[in-house]
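Reviewing the structure listed below.
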Amino acid sequence: MSDLVNPVVLRLTMRATMGRKRALIFAIAPIIMIGVSALLKLVAKSPVWPPEFLGVFGFTVVVPLTALIIGTSVLGAEIDDNSVISLLATPIRRSTVVLTKFVAAAIITVIFAAVGEYLAGAIATGPGSKLALGLLAGAVAACIVYNALFVLLSVVTTRAIAVGLLYLLVWEGLLGSLVGGVRLLSVDQYALGIANSIAHESQLHAHLTLGTAVAMGVVVTGLALAFAAARLRSFSLKGDAV
Amino acid sequence: MTGSDGTGRRVGSGGIELRQVSRWYGNVVAVNDVTMTIGPGVTGLLGPNGAGKSTIVHMIAGMLEPSRGELLVAGEPSWHNTALLSKIGLVLDKDTVYTFLSGTDFVTAIAKLHKLPDPGAAARRAIGIVEMTDAADRRIGTYSKGMVQRIKVAAALVHDPEIIVLDEPFNGMDPRQRLSMMELLDRMGADGRVILFSSHILEEVERLSGTIQVIVGGRLAASGDFRAIRRLMTSRPHVFVVRSSDDRALAKALITSQAVTGVEVTPRGLQVRAADYGTFTRELAGVSRDQGVRLRELLPADESLESVFSYLVTP
């Protein structure tokens with residue numbers, strides 16, 4: 001297992017990611033979610049607000065954005081400031097670097113976003129409710145797949161955050177819910193499909209079955225990480241003339 | 001495979017070989033058809049900034065693909081060859097290190113990534129070699145630039161590589177640290193390791209015994225023992241600018257001197273090319289006095305390293 005995930009790199013990445021100033025931002029969105037959930041619990045008249053709010057705001061905004069900040073930080077930030085070179089100067093396999101950083105990102109994102117989503121759901125409908133548990137499962141899946149995509153983006157472009165935002169706004173936010181075929185390629189839909197299989201809540205607007213959601217999630221994650229590893233193998237430093 | 005040849009020196013499987021290596025970015029050619037072999041001992045890669053030294057170093061490090069040509073390190077291409085990095089130690093200029101780690105933690109982590117059997121001991125040894133033992137337990141964020149350089153060298157040495165490549169290693173070091181680093185490189189070179197370092201400062205390169213490779217404008221301009229390079233540089237014609245009370249009269253007199261190969265009258269004054277600048281400077285006062293010309297100014301026109309370098313490039 002140490003060939004796939006390297007404990008030294010894992011520890012370094014966790015410390016580096018949590019140590020950056022960005023780390024504070026991770027906590028903001030989940031705190032807002034929990035806060036608003038508590039507020040709505042007190043004041044809302046309509047009973048359908050939990051899936052609407054937690055499904056839409058949680059899955060479309062909180063989880064992806066948190067994953068974006070964390071996923072681009074674990075490798076992207078180190079490529080930006082060239083601290084990744086210390087790692088790349090050793091014989092460690094590039095696929096190990098990518099996988100380890102992805103695992104670190106997924107863990108951190110789950111701690112902040114998925115747990116936050118669960119807590120918000122627990123406040124809304126009770127800690128053991130199907131909705132809360134469904135949201136937890138879906139959020140964990142979203143954390144995993146989104147981070148794989150954002151780690152890939154970090155290796156492929158220096159503007160990972162901008163491209164990631166564009167993708168979230170246009171693809172996930174807009175098209176995913178409008179165009180039928182696109183749903184198969186929407187991480188949001190994977191998460192909602194998984195959440196719905198437990199929660200059985202039509203207000204979640206989930207369109208994929210559990211099987212499809214899991215299969216597609218695994219495929220997208222695998223492909224994203226494989227491409228990221230391939231690109232990291234060709235990591236290039238320019239000289240000073242350019 | 002490395003071993004000993006009986007004298008205690010290491011015998012490696014090969015140094016660094018470049019055969020007609022070029023690297024370009026669109027229309028910009030950063031490295032142009034460079035062929036050179038770097039063997040055991042210390043070799044200096046010398047050239048002005050932007051000449052392509054870093055590009056060459058990055059290609060050797062396997063962190064940039066040559067656009068053309070063959071680049072071998074210890075007998076194998078370095079591009080897409082992660083396993084080869086166990087034989088190479090890299091100290092690059094551009095990288096930054098994790099500032100939240102202590103020196104010891106950083107070097108130990110690198111030792112673990114190299115899968116060394118006793119990473120802690122290897123780290124301590126490497127830190128001792130670069131004389132950072134006292135500061136090793138402090139966070140790297142508190143280090144001066146010279147200290148950061150030294151901890152990077154420790155990380156590059158921790159796995160005892162046979163080839164060590166350093167890009168501008170003396171940046172940010174005070175003269176004492178520079179001397180100490182030079183002694184370190186000298187010792188490692190004497191061990192039989194292949195050491196290549198780049199610099200744009202002639203004095204730094206000169207002090208270390210061994211070969212110099214001069215890179216100018218992406219090309220290999222000169223290659224050889226540092227004394228030969230020095231001789232090449234001092235035997236080039238020197239250009240002076242002379243201002244006097246009567247430039248043309250002075251010009252007429254100067255052109256008859258054997259030490260002078262050319263005189264040009266320009267608005268700035270006389271541009272004099274002197275093949276033998278020692279003789280020229282001695283003669284100048286006498287010549288101008290004989291002509292009744294008063295000297296106002298005598299300046300060397302091309303003392304910059306750039307002109308020295310470009311002289312070496314022009315055929």
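Please treat every number below as a calculation from the coordinates, not as lab data. Quick caveat: nothing in here was measured; it's all calculated off a predicted structure. Every residue, glycine among them, receives a Cβ derived from its backbone with ideal geometry; neighbour counts consider all protein chains shown.
Brief remarks follow.
- For region B:3-233, the number of Lys pairs separated by eight or more positions or lying on different chains, with C-alpha atoms closer than 19 Å, is 8.
- Counting, for every residue in A:78-86, the Cβ atoms of other protein chains within 10 Å of its Cβ and taking the mean gives 5.
- Long-range HN-HN contacts of B:V216 with modeled amide H, under 5 Å: B:A221
- Taking A:L184, A:L12, A:L136 in turn, the Gaussian network model of chain A (Cα-Cα springs below 10 Å) assigns the largest fluctuation to A:L12.
- Semi-axis lengths, Å, region B:97-203, gyration tensor of Cα atoms, sqrt of 5 times eigenvalues: 21, 18, 11
- For region A:52-110, the square roots of the Cα gyration tensor eigenvalues, ordered a ≥ b ≥ c, give a/c of at least 1.5 with a/b greater than b/c, which places it in the prolate category.
- The Stokes-Einstein estimate for region B:3-233, based on a Kirkwood radius over Cα pairs and taken at 10 °C with 1.306 mPa s viscosity, is a diffusion coefficient of 88 µm²/s.
- Mean projected area in nm² (Cα convex hull; one quarter of hull surface) for region A:7-233: 11.9 nm²
- Against chain B, whose longest principal axis comes from its Cα atoms, helix B:103-113 is set at around 70 degrees.
- For region B:234-292 versus region A:51-106, the gap between their alpha-carbon centres in whole angstrom: 67 Å
- Euclidean distance between Cα centres, region B:122-148 to region A:120-159, Å: 41 Å
- With the simple spin-label model, which puts each label point 7 Å out from Cα in the Cβ direction, the A:L42 to B:D290 separation comes to 10.5 nm.
- In this simple spin-label approximation, A:L223 and A:A162 carry label points 7 Å from Cα along the Cα→Cβ vector, and these lie 2.6 nm apart.
- If you wrap the protein assembly as shown in the convex hull of its Cα atoms and look at it from every side, the mean projected area works out to 34.4 nm².
- Spin-label proximity, B:R248 to region B:262-293 - amide N less than 17 Å from point 7 Å beyond Cα toward beta carbon: B:263-271, B:291-293
- For region B:23-99, the gyration tensor built on C-alpha atoms gives a rounded shape. Its axis ratio a/c (a ≥ b ≥ c) stays under 1.5.
- Acute angle (nearest 10 degrees) that the helix A:187-199 long axis makes with the longest principal axis of chain A, alpha-carbon atoms: 40 degrees
- Taking amide H positions as modeled 1.01 Å from N, with prolines and chain starts lacking one, the residues under 5 Å from B:V31 and 5 or more places away or on another chain are B:R23.
- Distribution of pairwise C-alpha distances over region A:130-242, 5 Å bins, in %: 2, 12, 19, 21, 18, 11, 7, 4, 3, 2, 1, 0, 0
- In plain terms, the chain from B:I201 to B:E264 could stretch by 19.5 nm, reckoned as 0.36 nm per residue minus the Cα-Cα distance.
- Seen from a random direction on average, the alpha-carbon convex hull of region A:44-146 projects onto 7.1 square nanometres.
- Whether region A:1-41 is rounded, prolate or oblate, judged on the alpha carbon gyration tensor where a/c under 1.5 counts as rounded: oblate
- Shielding value for B:23-34 is 2, the average number of Cβ atoms from other chains within 10 Å of each residue's Cβ.
- Cα→Cβ-extended label distance, 7 Å offset, between B:T256 and A:L174, nm: 8.7 nm
- Footprinting exposure proxy ranking of A:T209, A:T60, A:T66, fewest other C-beta atoms within 10 angstrom first, gives A:T209, A:T60, A:T66.
- With the helix formula -39500 (n - 2.57) applied to DSSP H stretches of n ≥ 4, chain A reaches a computed 222 nm mean residue ellipticity of -20500 deg cm²/dmol.
- Counting only DSSP beta bridges whose two residues both lie in the protein assembly as shown, roughly 65 percent are antiparallel.
- Ranked by how many other beta carbons lie within 10 Å on average, peptides A:77-87, B:170-180 from highest: A:77-87, B:170-180
- Under 18 Å of direct C-alpha separation, and excluding same-chain neighbours fewer than eight residues apart, A:K238 reaches these aspartates and glutamates: A:E78, A:D80, A:D81, B:D33, B:E65, B:D93, B:D95, B:D167, B:E168.
- With the charge dipole of the protein assembly as shown set up from +1 on Lys and Arg Cβ and -1 on Asp and Glu Cβ about the Cα centre, the Cα lying farthest toward the positive end among the listed residues B:G39, B:P117, A:Q189 is that of A:Q189.
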